[in-house]
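K.L.:
Let me begin by handing over the structure; questions about it come next.
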């Protein structure tokens, strides 16, 4: 393959190596990815419908859960339709413009999720550690302000990360060891100095990754301390149950990120990276509705009531 002119971005094509090459595996992959996408949409739409339709769920905790469900649908929509399209076309190619667009949207979703999980931890902290002031602190205005700031920050960070990446020259064999485009693989492909870009990605990872993960850990230290001071075992279990779903999602999400970005490299690292990246942008969004519906009686009741009303009408 001839070298590509780095100054002409319209001719740049990237090759996504995450998809299998054999026809049999591609067929199986299509069924798996399509099932994941449909399950993610249906599951998160069910949670959104339950929260919107049930006035008893119009609380800060469920307001942020609704934001999370909306985000998870965006997360998978950024990657899975393009993967399914590539399988149908029997092609692993993606244009420069489409790749950069995917980088922007993926970075946006990842940023919003880190902040949103931290806000949900703070909400549980206020509810458990200072319950008498919960209604004052987490009022409607505060919830709307936190949510809007979260989504705006996602937009801003995506621009900061994606714009410098889009200006880099790319030349040679532009192969990406992923199912979709991300910032880090693109930086490795560039044939110019990427020190500024790496500084920006490091700053973003430190703030939104390590920073908010540390905030969540500290928050839960206070939450656990408050729970342990509850005299009855039933009271402790009931209070902890309001956090269990969120803790599970945090462990899965940050566990995947830590394993992917902080583990030492190896000869098969690109294969592992492809699997782990698929996990936190596909597996976790489809598991979130299951986790919250199975562990939350209020959500299960609202979904059940909504389905019963639909049958009656």
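K.L.:
Take segment 64-93 and flag every residue that is over 23 Å from residue 112 (Cα atoms) and assigned to a helix (DSSP H, G or I). Lay out the reasoning, then the answer.
P.N.:
Going through segment 64-93, the residues over 23 Å from residue 112 (Cα atoms) turn out to be 84-93.
Once the filter is applied, which keeps residues that are over 23 Å from residue 112 (Cα atoms) and assigned to a helix (DSSP H, G or I), segment 64-93 yields 84, 85, 86, 87, 88, 89.
K.L.:
In segment 190-199, how many are crowded, with 18+ Cβ neighbours inside 10 Å and part of a helix (DSSP H, G or I)?
P.N.:
1
K.L.:
Might you let me know whether segment 130-138 holds any residue that is surrounded by 20 or more Cβ atoms within 10 Å (Cβ to Cβ), in a helix (DSSP H, G or I) and in contact with a helix residue (DSSP H, G or I) (Cβ under 8 Å, 6 or more places away or on another chain)?
P.N.:
No: zero hits.
K.L.:
Is one or more of the residues making up segment 208-219 over 19 Å from the mean Cα position of the chain (by Cα), part of a helix (DSSP H, G or I) and either modelled with pLDDT of 90 or more or closer than 29 Å to residue 95 by Cβ (or both)?
P.N.:
yes
K.L.:
Please verify whether residue 105 is in a helix (DSSP H, G or I), touching a residue at least 60 places away in the same chain (Cβ under 8 Å) and crowded, with 19+ Cβ neighbours inside 10 Å, treating the condition exactly as stated.
P.N.:
So residue 105 does not fit the description; no.
K.L.:
On to the next question. Within segment 243-259, is there a residue that is in a helix (DSSP H, G or I) and modelled with pLDDT under 75?
P.N.:
Yes, the conditions are met somewhere in segment 243-259.
K.L.:
Quick one: residue 94 ticks every box in (1) surrounded by fewer than 21 Cβ atoms within 10 Å (Cβ to Cβ); (2) more than 24 Å from residue 258 (Cα to Cα); (3) touching a residue at least 40 places away in the same chain (Cβ under 8 Å) bar one, so which box is it?
P.N.:
(1)
The values are calculated or read from the model by the stated rules, or taken from the named source; none is laboratory data. Keep in mind that what you see is a predicted model, and the values were worked out from it rather than measured. Cβ sites come from the backbone with ideal geometry, for glycine too, and all protein chains shown count toward neighbours.
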